[in-house]
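Since every read-out is calculated from the coordinates, none of them should be taken as a lab result. All values derive from a computational prediction rather than experimental measurement. Quick reminder, even Gly has a Cβ in these numbers, built from the backbone with ideal geometry, and neighbours come from all protein chains shown.
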Amino acid sequence: MYESTRGNLSGQIASQAIALGMVPSGGLFVPSNFPALNWQDLQGLNYRDVAKRVMIPYLPDFSEETLSEIVNVYADGTFDGPNPAPLVPVGSFGVLELWHGPTAAFKDMALQVLPDLLNVSLKQLEYDTEVLILVATSGDTGKAALEGFKNRAGMHIVVFYPEGGVSPVQERQMTTTEGANTHVVAVKGNFDQCQTAVKHIFASETLKAELQEKQLIFSSANSINWGRLLPQIVYYFWAYLQAVEQGKVAPGGSMNVVVPTGNFGNLLAAYYAKRMGLPIGRIISASNQNNVLADFFATGVYQSKRAFYQTISPSMDILISSNFERFLYEMSGRDAEGIQTWYDSSNQGTFTVDPDTLKQCQDTVYAGWANEEETLEIISRSYKTYQYVFDPHTAVAMKVYEDYLSTTNDQTYTVIASTASPFKFATNVLKGLEEQKSAKDEWEALNRLSQLTGWKIPLGLQGLESKTAKSVDTCEPEEIAELLQKMFT
Ligand SMILES: *Cc1c(COP(=O)(O)O)cnc(C)c1O
């Protein structure tokens, strides 16, 4: 069963949590308990079957057969090889490459199964409506969601991205998506403004009623949706199984993970895996210059009212980290009243937690951040040392891992979650690698990066410059509701 982080709803089945996306009166769905799963029982299974075993206890209202079909996407050629999430040994640590899906970012790991999870959920609930998926994106979710939902019967998707706030490759990936049911909108504002505007839409009773007349209901493909988080738990089990198989971790020994963090979904999935019994030691949170989380872990004060920086790791340019609420729910001993108070809209994203909750947070997570210069420097140095190229997001993680090592000298085997292919951010990666020489444009940068490293350009990023782009609507954050009315009512 699922309950709300704010104590305003409980006893909901998985289908309901997935169909609704978030709790209509505010709050996020969380599982009421974490089923135990022994990693040893998963040894020898392929990714698809591990996915099934991890997900099934959370989806009692799904038949085993249905779930088998859903997770088949990990084995049917959608990902670029037989292992959708290889653990690559680099130096004395491991890199969990989560970007082998169709859009070359880790969002594919979940967004390739979310449409099916949602579809089945709606059937289960006997909704005879169509769904309108709204997505706010800092770059990668947009394309991964468009790719997952395109051409799906009964589903429409609108993606909102900050105008000028995503990389040229990310923008081009989104605007060249096929499918009559896919729409892309550039919002004049930053990601937080996009995300906040979309959250308001979800809460708008007027718009909801108008759409209902057209047999349409809203849902979300952002990581506030439980159906996004659940498939992400899987790859931490998968990482552990590989680390044991590679002889890096003794069976039952503990493994640390480093997660480049934005909306906190990826990190939360690691924490949930730990709660299920996976021997995860320290979870290390890495932020870019938008270091609101690193500050929180140091002080217990969440202060989202601060300067917003556009960085070379745009998918982490986030000050209002949505899933952090779920994490605080656990860290506070499920204190729904506390969450209610902290997240009260009158606080405008600024609050201070109690000392016990802060202590829990600090015991569970080590948090750090890297600035732009450090990020570029580590891309260059890692390539020289290991002949391994990090994308800027993963490079942030690598830098924070180095800081962690020098602070703690913790020798536990550590896995860095690599969230994007370096080709998605080729210009900035080249800047890191070659320093002065810059490519004429992003497309030349892709080729040059490929020549330099001998790595292949991911299939989904090839030929992007010559594809036909669809027209993009542009609007102010306040105009989103109006735009949706025009499009759908
Ligand atoms: C989305 C994203 C992140 C942040 O992940 P969260 O789950 O939002 O914390 C980090 N890196 C890349 C490349 C991403 O696309």
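If a/c stays under 1.5 just call it rounded; otherwise compare a/b with b/c (prolate if a/b is bigger, oblate if not). Do that for segment 294-337, with a ≥ b ≥ c from the square roots of the Cα gyration tensor eigenvalues. The shape class here is prolate. Each label point was placed 7 Å from the Cα along the Cα-to-Cβ direction; for Arg381 and Ala250 their separation is 3.1 nm.
Multiplying the sequence separation of Glu372 and Ala36 by 0.36 nm and subtracting their Cα-Cα distance, what value in nm do you get?
That works out to 116.9 nm of additional length.
Computed from label points 7 Å out along Cα-Cβ, the spacing between Glu478 and Asp76 is 4.6 nm.
Relative to the current alpha-carbon distance between Ser471 and Ser450, full extension at 0.36 nm per residue lengthens the span by 4.6 nm. Only Lys, Arg, Asp and Glu carry charge here, each on its Cβ (+1 for the first two, -1 for the last two); on that basis segment 31-158 has a dipole of about 280 debye about its Cα centre.
With the alpha-carbon atoms of segment 21-133 aligned to their principal axes, the span from lowest to highest coordinate is 50, 32, 31 Å, starting with the largest. Per residue of the chain, the DSSP helices (runs of n ≥ 4 H) give a summed -39500 (n - 2.57) that works out to -12500 deg cm²/dmol at 222 nm. Basic side chains Lys and Arg get +1 at the Cβ, acidic Asp and Glu get -1 at the Cβ, and with that the dipole of segment 326-477 about its Cα centre reaches some 840 debye. Legend: calculated FRET efficiency, Thr341 to Thr408, from the Cβ-Cβ distance at R0 = 41 Å, rounded to 0.05, equals 0.80.
Taking packing as the residue-averaged number of other Cβ atoms within 10 angstrom, the listed peptides 427-433, 268-274, 55-61 run from highest to lowest as 268-274, 427-433, 55-61.
For segment 338-474, the relative contact order works out to 18 percent when only alpha carbon pairs closer than 8 Å and six or more residues apart are counted.
The antiparallel fraction among DSSP beta bridges confined to the chain stands at about 25%. Working from Cα pairs under 8 Å separated by at least six residues, relative contact order for segment 14-112 is 17 percent.
Over the chain, what is the relative contact order in whole percent, taking alpha-carbon pairs under 8 Å and six or more residues apart?
Across the chain, relative contact order equals 18 percent.
Longest stretch of the chain clear of exposed loop sites (GluC sites (Glu not before Pro), DSSP loop, at most 15 other Cβ atoms within 10 Å, sites excluded): 179-434. With each label modelled as a point 7 angstrom along the Cα→C-beta vector, the Lys123-Met1 pair spans 2.7 nm. Taking R0 as 60 Å, what's the FRET efficiency between Thr206 and Asp441 from their Cβ-Cβ distance, rounded to 0.05? About 0.85, to the nearest 0.05.
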